[in-house]
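J.: Dropping the structure in here first, questions after.
The values are calculated or read from the model by the stated rules, or taken from the named source; none is laboratory data. The structure displayed is predicted, hence computed values, not measured ones. With ideal geometry, Cβ positions are generated from the backbone for all residues, glycine too; neighbour counts draw on all protein chains shown. When the accessible area is computed, the model is the full protein with side chains, heavy atoms only, and any ligands, DNA or RNA have been set aside. Shrake-Rupley method; radii C 1.70, N 1.55, O 1.52, S 1.80 Å.
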Amino acid sequence: MTAPTSSSVSTDLKRELGLFDAIMINAGTMIASAIFIVPATVAAAVHGTALMTLVWVIGGIVSLLGALSIAELAAAYPEAGGQYAYLREAYGTVWAFLYGWANFAVINTASIAAIAVGFARYIGFFTQLSETAIRSVAIASIIGLTLLNCRGVRLGATTQNVLTTLKIAALLALIATSFVLSGGASSHLQPLWPSGTMGQWIGPFGVAMVGVLWAYDGWIETTYVGSEIMDPGRNLPRSIILSTLIVIALYVLVSVAYVYVLSPASVAGSTLVASDAAKVTMGGIGATFVVAAILISTLGANNGIILTAARIPYAMARGGMFFRSQGIVHPRYATPAVALLTQGVIASALTAFGTYDQLFTYVVFAQFVFYALSAGAVIRLRQTAPQLARPYRTWGYPVTPIVFIAFAIWLVYNTIVETPRDSIIGAGLILLGLPGYWYWKKQTVEKRR
């Protein structure tokens, strides 16, 4: 078997993104609407400020372990498609193809649709919108961001920089007002720990952890544009790790701020916890501020996904494992324009027909299956390709990837146990890609003869 190399697939994309761009892409994709809503889910599952905070801390540490692991692969294989390249080099084309297929057909496109609809629903705070109007606004946002990213990675990244900076500023403002303005009190932090034994709350703790890990999801996003990052051996691992640390700090502080203002019981009973907390400290203007922050956050998250996710089918096509059209690069803007447009069409169709939510539920567990495989690739490639240049080596190896793999396996297991029907359907949707794999594999073999 030929040892993997760090330049397995050709590319016409240009290296135009620096460290700050990469950090903003990752952080901007991670910070969507979840941090404005999920803390209430956590509070409903586990009672006690210290335990609620611990969920966010441990969820952040688990995500950081994944980031530390994947950073080694990102530095060694700075290619378009990120995980697609890592899985290809570690396990062969079948696992890489199934990953690419799942993301192209369902995971990323359904995510784009879901976030776009969330964005449109919050616009309804300012003006009443019918269900048809909500879907129309969502589709318009998808089209707008897609066309923007077709016109150059620099334009898409600059847009991401602005939106991510604004959403980080909004979260910092929410944290500061919670502790500085009147309304909050240290007495609201009680109780710190729930009553009962550890055996009684360990199960709910696991339920809360699932929501928290989804809130942190997105720390891998910048790897998809690996072929467009300048000095990737240095900037890719740094961006992955730094963005994850930034989001951990923001999420932990925001979750404590909500409780400081509202108390654990009030947070648990809130449907819009960020808005309720802002109303206490800022009055009527608080709700408007939070809605504006959510609009910026969802728009920025979708811009990040649209910008990066199209690089997966592009990488597949360049490797001869997908429709050749998906590998076309715009001659002027140097972007995978066809892949971007195809992604936009699928996401818009899912939005129009309202099937995005159900599809995403079916395959959401698959993301962590592939995360576990990618962390395993760090270990596998250390054995099969010891001579591979590794500008960054995973801190704490091999404990770091092993612990992350264990958490990923637990999360997938928990999802299958809790929603067996959805998990079976999701696995079926992913396996539907196998006929395509066999077809393109055969085409590749015939070309080599």
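J.: Please list, ordered by residue number, the helices (runs of 4 or more DSSP H) wholly in region 30-93 having 3 or more residues that are of a type in the set (S, T, N, Q).
T.: Details: elements: 38-45, 49-76, 83-91.
The helices (runs of 4 or more DSSP H) meeting that bar are 49-76.
J.: Next up: Among the residues of region 84-100, which ones are surrounded by 24 or more Cβ atoms within 10 Å (Cβ to Cβ) and either under 17 Å from the mean Cα position of the chain (by Cα) or free of Cβ contacts under 8 Å to residues at least 60 places away in the same chain (or both)?
T.: Tyr84, Tyr99, Gly100 - these are the residues of region 84-100 that are surrounded by 24 or more Cβ atoms within 10 Å (Cβ to Cβ) and either under 17 Å from the mean Cα position of the chain (by Cα) or free of Cβ contacts under 8 Å to residues at least 60 places away in the same chain (or both).
J.: Here is a follow-up. Of everything in region 176-209, what is among the aliphatic types (A, V, I, L, M) and either over 23 Å from Gly300 (Cα atoms) or surrounded by 18 or more Cβ atoms within 10 Å (Cβ to Cβ) (or both)? Give them in sequence order. Spell out how you get there, then give the answer.
T.: Our first condition is that a residue be among the aliphatic types (A, V, I, L, M); within region 176-209, this holds for 176, 180-181, 185, 189, 192, 198, 202, 207-209.
Of everything in region 176-209, those that are among the aliphatic types (A, V, I, L, M) and either over 23 Å from Gly300 (Cα atoms) or surrounded by 18 or more Cβ atoms within 10 Å (Cβ to Cβ) (or both) turn out to be Val180, Leu181, Ala185, Leu189, Leu192, Met198, Ile202, Val207, Ala208, Met209.
J.: Across region 296-326, what is the total count of residues that are more than 17 Å from the chain's Cα centre (by Cα) and either assigned to a loop (DSSP other than H, G, I, E, B) or in contact (Cβ under 8 Å) with a residue 60 or more places away in the chain (or both)? First the steps, then the outcome.
T.: As a first pass, look at region 296-326 and keep what is more than 17 Å from the chain's Cα centre (by Cα): 313-326.
From the residues that got through so far, the ones that are either assigned to a loop (DSSP other than H, G, I, E, B) or in contact (Cβ under 8 Å) with a residue 60 or more places away in the chain (or both) too are 313-316, 318-323.
Going through region 296-326 one residue at a time, the tally reaches 10.
J.: Does at least one position in region 270-286 carry a residue that is part of a helix (DSSP H, G or I), touching a residue at least 24 places away in the same chain (Cβ under 8 Å) and within 30 Å of Leu434 (Cβ to Cβ)?
T.: no
J.: Just to be sure before I move on: is Asn103 open to solvent by 10 Å² or more (accessible area, probe 1.4 Å), touching a helix residue (DSSP H, G or I) at 6+ places or on another chain (Cβ under 8 Å) and polar (S, T, N, Q) in the structure I sent? Walk me through it before giving the result.
T.: On the way: open to solvent by 10 Å² or more (accessible area, probe 1.4 Å): no; touching a helix residue (DSSP H, G or I) at 6+ places or on another chain (Cβ under 8 Å): yes; polar (S, T, N, Q): yes.
The answer is no for Asn103.
J.: For region 106-158, give me each residue that is open to solvent by 50 Å² or more (accessible area, probe 1.4 Å) and part of a helix (DSSP H, G or I).
T.: Matches in region 106-158: Arg121, Glu131, Thr132, Arg135, Ser136, Ala140, Ile143, Leu147, Arg154, Leu155, Thr158.
J.: Answer yes if at least one residue in region 339-347 is modelled with pLDDT of 95 or more and open to solvent by 50 Å² or more (accessible area, probe 1.4 Å), and no otherwise.
T.: Yes - at least one qualifying residue is present in region 339-347.
J.: Residues that are over 24 Å from the mean Cα position of the chain (by Cα), at least 2 per element: which helices (runs of 4 or more DSSP H) completely within region 331-449 meet that? Can you show your working first?
T.: Working: elements: 337-353, 356-363, 366-384, 399-418, 420-431, 434-448.
Output list reads 366-384, 434-448.
J.: Answer yes or no as to whether Thr400 is among the β-branched types (Val, Ile, Thr) and either closer than 30 Å to Gly320 by Cα or in contact (Cβ under 8 Å) with a residue 60 or more places away in the chain (or both).
T.: yes
J.: Ile405: at pLDDT 90 or above and surrounded by 13 or more Cβ atoms within 10 Å (Cβ to Cβ), yes or no? Break it down into steps so the answer makes sense when it comes.
T.: Values: at pLDDT 90 or above: yes; surrounded by 13 or more Cβ atoms within 10 Å (Cβ to Cβ): yes.
It is true that Ile405 is at pLDDT 90 or above and surrounded by 13 or more Cβ atoms within 10 Å (Cβ to Cβ).
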